[in-house]
Amino acid sequence: MEKYIYMDNAATTPVKKEVLEEMLPYFSEKYGNPSSIYSLGSASKNVIEVARDKVAKTIGADKKEIFFTGGGSEADNWAIKGIAFANKSKGNHIITSKIEHHGILHTCEYLEKQGFEVTYLDVDEYGVVDLEQLKNSITDKTILISIMFANNEIGTIQPIEEIGKIAKEKKVYFHTDAVQAIGNIRIDVKKLNIDLLSMSAHKFYGPKGIGALYIRQGVKIDPLISGGGQERNRRAGTENVPGIVGMGKAIELAYENFEEHNIKLLNLRERLIKKVMENIDYVRLNGHSTNRLPGNVNLCFRFIEGESLLLSLDMEGIAGSSGSACTSGTLDPSHVLLSIGLPHEIAHGSLRLTLGDFNSEEEVDYVVEKLIEIVNRLRLMSPLYDKIKEEK
Ligand SMILES: *Cc1c(COP(=O)(O)O)cnc(C)c1O
């Protein structure tokens, strides 16, 4: 393949060179176990604390409030199960939304089987949760509200500040899955009244298999993984030292280059959307036109299957996604697209293109050019499209 264009940055991002360089020594030269007392061990321990500090500073937290995990899914599981089990004497009710990542939804479904009650809030046509419904759902049994910062499929950003206020007022813990937000939105956990926040390094040009949970000091939470005394007795297991070092560097870079990254992605996003809208008919932009992640484009092409579109794009060396990475491979349309009110047949024709630091305007133009060709070709094979054209 001559050209490879990667537009699936919401699924994962490549590790930046500077990040990889900082990680490399911790695989083979500086391999000490951070729990060992000799200097090879304490060197590892020190770099973990440096990285912890970088992560904490970025979100306005104290370093004592950052706990490294094996990624975003683990952080989500820990937040939900940890709060549920530690606070069940107070109540058994959890509030979340219908458009969360499966790391949250499947964890909540598991807890329902354990006797917890879960309210799944509706979202409007743009994917924004209903704050009135949130307020009305809180009871004296409610122990946790978990609402994602920004959606991984349609990019919609939630009213996190308002949710934080409501949670604080009602004395309910507030967790947010900020996996897609880190690097794209400036976050101050104290200002936003966030009690717990999940993040994952591979979504912001760091390595896979490393993430963190921010836990505000004073929050009552059980551990998810028991064993040794790592992470101040809250997350057992020998630390992923190269991963942690990489995550620290990646988050530092993400916020050093924040404005530049955002402006670039916004421009690319608007260019892509505008060109598609101008050149292809029966296409719909999913999510909000402005209140969305800078790199997120999610489109529905009528009379076309998202899967055939993806395969055709792949043959042209273009990587995109239909729905979320976890659901492609199944034929169920995305739970997010159904929640914003799209009928099955339209939700099936969805394409998510997520832009990143390594994409260019030329790539956007090339992708649009190929999209026009592919959509036209696939529609020629669609009996439904024929009918619509005749009626015109
Ligand atoms: C990717 C993602 C996760 C899962 O993170 P992993 O590190 O891949 O486990 C959770 N939530 C959201 C919103 C995501 O985009």
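Throughout, read-outs are computed from the coordinates displayed, never taken from laboratory work. All values derive from a computational prediction rather than experimental measurement. Counting neighbours? That spans all protein chains shown, and the Cβs are built from the backbone with ideal geometry, glycine included.
General observations
- Counting only DSSP beta bridges with both residues in the chain, the antiparallel share comes to about 50 percent.
- Estimated inter-spin distance, Lys171 and Asp122, nm [label 7 Å along Cα→Cβ]: 3.2 nm
- In nm, spacing of pseudo-spin labels at Asp130 and Ser308 (7 Å Cα→C-beta vector): 3.7 nm
- Charge-dipole axis of the chain as Lys and Arg at +1 and Asp and Glu at -1 on Cβ define it, positive-most pick from Leu353, Val219, Leu111: Val219
- Peptides ranked, highest mean first, by Cβ atoms within 10 Å: ranges 292-304, 9-21: 292-304, 9-21
- Principal-axis tilt of helix 160-169 within the chain, Cα atoms, nearest 10 degrees: 40 degrees
- Among Ser339, Ser289, Ser360, the order by Cβ neighbours within 10 angstrom, fewest to most, reads Ser289, Ser360, Ser339.
- Euclidean distance of C-alpha centroids, region 49-123 and region 303-319, integer Å: 35 Å
- Full-extension gain in nm, Lys88 to Asp188, via 0.36 nm per residue minus C-alpha separation: 33.1 nm
- Neighbour counts of C-beta atoms inside 10 Å place His101, His106, His175 in the sequence His106, His101, His175, starting with the fewest.
- Fluctuation leader among Leu134, Leu337, Leu311 - the chain, Gaussian network, Cα springs under 10 angstrom: Leu311
- Computed extension gain for Leu338 through Tyr31, at 0.36 nm per residue and net of the alpha carbon distance, reaches 105.8 nm.
- Checked against a 21 Å cut-off, the cross-linked pairs Lys16/Lys370; Lys57/Lys88; Lys88/Lys170; Lys81/Lys135; Lys63/Lys249; Lys81/Lys208 give Cα-Cα distances beyond that limit for Lys16/Lys370; Lys57/Lys88; Lys81/Lys135; Lys81/Lys208.
- Mean sequence separation of contacting Cα pairs (under 8 Å, at least six apart), scaled by the length of region 17-256, corresponds to a relative contact order of 28 percent.
- Cβ crowding within 10 Å ranks Leu268, Leu40, Leu213 as Leu40, Leu268, Leu213, fewest other Cβ atoms first.
- The residue among Leu40, Ala11, Val179 whose Cα reaches farthest toward the positive pole of the charge dipole of the chain, with charges on the beta-carbon of Lys, Arg, Asp and Glu, is Leu40.
- Taken along the Cα-to-beta-carbon direction at a fixed 7 Å, the label points for Lys64 and Leu40 span 3.3 nm.
- Centre separation in Å (Cα based) which lies between region 149-179 and region 272-287: 29 Å
- In degrees, nearest ten, helix 72-86 long axis to first principal axis of the chain (Cα): 50 degrees
- Cα centroid separation, region 1-35 to region 212-252: 20 Å.
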